[in-house]
1. Going through region 172-201 one residue at a time, which ones are among the polar types (S, T, N, Q), part of a strand (DSSP E or B) and either modelled with pLDDT under 90 or under 10 Å from the mean Cα position of the chain (by Cα) (or both)?
2. Would you pick out the residues in region 135-164 that are surrounded by fewer than 14 Cβ atoms within 10 Å (Cβ to Cβ) and under 15 Å from Ser114 (Cβ atoms)?
3. Hey, could you check region 147-171 for residues that are in a loop (DSSP other than H, G, I, E, B) and touching a Cys at 6+ places or on another chain (Cβ under 9 Å) and say which is nearest to Val106 (Cα to Cα)?
4. Name the residue that is farthest from the chain's Cα centre (by Cα), counting only residues in region 92-116 that are among the small types (Gly, Ala, Ser), closer than 17 Å to Cys152 by Cα and not in a loop (DSSP other than H, G, I, E, B).
5. Looking at region 56-91 only, could you name the residues that are at negative phi, at pLDDT below 90 and in a helix (DSSP H, G or I)?
6. Read through the list (1) surrounded by 11 or more Cβ atoms within 10 Å (Cβ to Cβ); (2) part of a helix (DSSP H, G or I); (3) modelled with pLDDT of 85 or more, then give the number of the only condition that Lys50 fails.
7. Here is a list of conditions, (1) surrounded by 12 or more Cβ atoms within 10 Å (Cβ to Cβ); (2) among the small types (Gly, Ala, Ser); (3) on the phi > 0 side of the Ramachandran plot, and Ala188 meets all of them except one; can you say which number that is?
8. Is there a residue in region 84-91 that is without any contact (Cβ under 8 Å) to a residue 60 or more places away in the chain, more than 19 Å from Lys205 (Cα to Cα) and loosely packed, with under 13 Cβ neighbours inside 10 Å?
Amino acid sequence: MAMMRVKAIAVAPSKQQGASLIELMVAAVIGVFAISIIGSVFITGQRIAKDKGIELLLLQNLTSTMQVMKEDIQRAGYDGSNGHSIKLSGASHTIQVSGGSAVGFVYYREGSSSNKNYRNIVYQKKGTKLQICEKGTQVSAGLPSFNEVTGCYSLFDDSLIEVDELDIHSQVLEKNAIKTTLTEISIAASIPTAGVSKSISVTVKQRNWQ
């Protein structure tokens, strides 16, 4: 039986080369740069979001406080069904401004605690605080003076927000025997720890209860 001899042909393996040290170093440097850029963008985004959040917090506090002050001032002088204006003791007008940084007034509000339906109010800047002071009385004959309205507390978180400026101006306008009081209020406040400051202003138009 014929034997067929198959001659084995040796196949040389292909030559394989690994990455050089220089290539690895270049790749590593590129990776570090990419990570640094991504991290920087992330941190910047976080910082911007935080700053915007702090600004929004301050603006919300200012807006809500100004709204409360506006609604209170619009009631100044109201004496229920008696049909005439009431003032703090010794005041010339229903809205009394002191030093341009404090305002006081009184109005009737039925159903208050202890039947003290006359709500005597003073808003004032004291240091870096914006305070509301309140004193209730039972009858209009016992209304206190501006300086006698006690029981003050801050409208902002004093550990966070500082009031830099409070400007209040009020004037009485009269036309055709109708009196109107215009009160302009401007508040500037800041959060020193974040270096953020905001200001807000409003004009309140109120017809005297006469």
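The values are calculated or read from the model by the stated rules, or taken from the named source; none is laboratory data. All figures in this text were calculated on a predicted structure; none of them were measured in a lab. Please note: Cβ atoms are built from the backbone with ideal geometry, for glycine as well, and neighbour counts cover all protein chains shown.
1. Scanning region 172-201 gives Thr180, Thr181, Ser190, Ser197, Ser199.
2. Answer for region 135-164, where residues must be surrounded by fewer than 14 Cβ atoms within 10 Å (Cβ to Cβ) and under 15 Å from Ser114 (Cβ atoms): Gln138, Val139, Gly142, Gly151.
3. Selected residue: Val149.
4. If we take residues in region 92-116 being among the small types (Gly, Ala, Ser), closer than 17 Å to Cys152 by Cα and not in a loop (DSSP other than H, G, I, E, B), then Ser98 is farthest from the chain's Cα centre (by Cα).
5. Ser81, Asn82
6. (3)
7. Every listed condition holds for Ala188 apart from (3).
8. Checked against the condition, which is being without any contact (Cβ under 8 Å) to a residue 60 or more places away in the chain, more than 19 Å from Lys205 (Cα to Cα) and loosely packed, with under 13 Cβ neighbours inside 10 Å, region 84-91 yields at least one hit.
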